[in-house]
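Comments concern the structure below.
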Amino acid sequence: MNPETSLVWHPLQGRLKDLRMACLANEERAPHWNRIENIAGSGFPDLWWAWGTSGTIELKQRGTAPVREDTPCVIESISADQRLFWRQCSEAGGSVHVLTRVGREWFLHEGGWARQWLGIVPIADLRRHNMLGPHSHQYAQQGEDKGTFQQVELPDARTILLLCGARP
C-alpha cells in the first residue's frame, strides 16, 4: 500500500462515506466517487468525484515538513505525467485539485497552481496558497508569524468538494 493510500485516502474515505450517508438520510443528492488505481493512464488523479458536476483530486503526502520555513517542501512522488495532466485539465476548464498531507498539515491546491509550484516552494508558500485557508476550519497558530496558520485536521468532505467546485 502506497503512503498516499494509508495517510491521505483512508481519512478522506471516511469523511466521504459520512457525507454520503448524511445526504441520503436528509433525502439530498449525495456525492459519488471512485478511487482510481492508475487504470485510466499515467498521470490520472487518484480520485474522481461527482456532485452536481465532477472533478478529480490527486492525493499526495510527505512525512514531515521542512524544519526551516524557507526550505522547499519537496514531494518526490510527483511525476511529470501528473504535472502534465494537472496543466491540461486546468487549461481545458476542468476541475483538478491536489490534496496533500505534510506531517499533520493538510493542503488543497488547484491543479494549475500545483502543476507549477507543488513540491518546489517552501512550506510557507503552501500555507499561503492553501484553499483550506483560515476561513474554512480548525487551525493552530504556527511559529512567530501570527498571520500563518496550519491546517491540523482534515476538513469534512462537504468543505473539500465545495472548494473543488461541487454543486450539490
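The values are calculated or read from the model by the stated rules, or taken from the named source; none is laboratory data. Quick caveat: nothing in here was measured; it's all calculated off a predicted structure. Virtual Cβ from ideal backbone geometry, glycine too; neighbours counted across all protein chains shown.
Tabulated data for the structure shown
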{"read-out": "Any hit, the stretch 4-24, residues being under 20 Å from THR100 (Cα atoms), among the charged types (D, E, K, R) and part of a loop (DSSP other than H, G, I, E, B)", "value": "no"}
{"read-out": "Tally of residues being in a strand (DSSP E or B) and surrounded by fewer than 19 Cβ atoms within 10 Å (Cβ to Cβ) across the stretch 44-81", "value": "4"}
{"read-out": "The listed residue being under 15 Å from the mean Cα position of the chain (by Cα), modelled with pLDDT of 95 or more, crowded, with 18+ Cβ neighbours inside 10 Å and among the charged types (D, E, K, R), out of GLU110, GLU105", "value": "GLU110"}
{"read-out": "Residue check, ILE120 part of a loop (DSSP other than H, G, I, E, B), β-branched (Val, Ile, Thr), within 24 Å of TRP49 (Cα to Cα) and at pLDDT 90 or above", "value": "no"}
{"read-out": "Given (1) farther than 25 Å from LEU19 by Cβ; (2) assigned to a loop (DSSP other than H, G, I, E, B), index of the condition ARG87 fails", "value": "(2)"}
{"read-out": "Residue satisfying all of: in the stretch 12-28; exposed (fewer than 14 other Cβ atoms within 10 Å of the Cβ) and either touching a residue at least 60 places away in the same chain (Cβ under 8 Å) or in contact with a strand residue (DSSP E or B) (Cβ under 9 Å, 6 or more places away or on another chain) (or both); nearest to GLU58 (Cα to Cα) among these", "value": "ASP18"}
{"read-out": "Residue in the stretch 30-43 that is nearest to GLY94 (Cα to Cα), counting only those that are assigned to a loop (DSSP other than H, G, I, E, B) and at pLDDT 95 or above", "value": "PRO31"}
{"read-out": "Any pair with Cβ under 8 angstrom, 6 or more apart, that starts in the stretch 61-81 at a residue that is more than 18 Å from TRP9 (Cβ to Cβ) and ends at one that is small (Gly, Ala, Ser) and not in a loop (DSSP other than H, G, I, E, B)", "value": "GLU69/ALA124; ASP70/ALA124"}
